[in-house]
Amino acid sequence: MGTVAEFLELTPEDSLLVEIKVALSQSQKEQRRAMMMTQVELADRIGSSQPRIAKAEGADESVSLELLLRAMLGLGVTPQEIGHIIAQVGDPS
C-alpha cells in the first residue's frame, strides 16, 4: 500500500498544491477563531458567502487559492506571513 498521493495518482506538483491549500485553510480557521470572528463575518468582509468560507476551512478541493488568499488577507494576515505558511509546506522540521 502506497501513499495517498500515489493512490490518487497525483503528480508531485499536485501533491504540493494540495498541501498548500490545506495549510492555508487550517491557518485561516485558526486566525478567524483567534479573532473571535464568525464565518459569516469573514464572508461579508471579503464579499463571499458563509458556505464558501466553511468549504475553505474544510480544505474542499473546489475552493480556489484566490479565495483562500482573499480570506487570509481579509483577516489581516500579511503577504509575508502567507509566504511563511506556504514555505513551511513539505518542511520536515
**OP:** Using only Cα atoms, locate the centre of the stretch 72-87 and the centre of the stretch 26-60, then give the distance between them in Å, rounded to an integer.
**Re:** 15 Å
Original post:
Averaged per residue, what accessible surface does the chain expose to a 1.4 Å probe, in Å²?
Top reply: 66 Å²
Original post:
With a sphere of radius 15 Å drawn around the Cβ of residue 66, what net charge do the other residues whose Cβ falls strictly inside it have (Lys, Arg +1; Asp, Glu -1)?
Top reply: +2
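In cubic angstrom, how much convex hull volume per residue do the alpha carbon atoms of the chain span?
110 Å³
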**OP:** Return the carbon/sulfur percentage of the accessible area of the chain, one whole number, probe 1.4 Å, all protein chains in place.
**Re:** 57 percent
Original post:
What is the magnitude of the charge dipole of the chain about its Cα centre, with +1 placed on the Cβ of each Lys and Arg, -1 on the Cβ of each Asp and Glu, and no other charges, expressed in debye to the nearest 20?
Top reply: 500 debye
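Quickly estimate the mean residue ellipticity at 222 nm for the chain, helices only: each DSSP H run with n ≥ 4 gives -39500 (n - 2.57), and the total goes over all residues, rounded to 500.
The per-residue figure over the chain is -20000 deg cm²/dmol.
The values are calculated or read from the model by the stated rules, or taken from the named source; none is laboratory data. Computed from a predicted structure; not experimentally measured. Cβ: placed from backbone, ideal geometry, glycine included. Neighbour counts: every protein chain shown. With ligands, DNA and RNA removed, areas are computed over all heavy atoms of the protein, side chains included. Shrake-Rupley method; radii C 1.70, N 1.55, O 1.52, S 1.80 Å.
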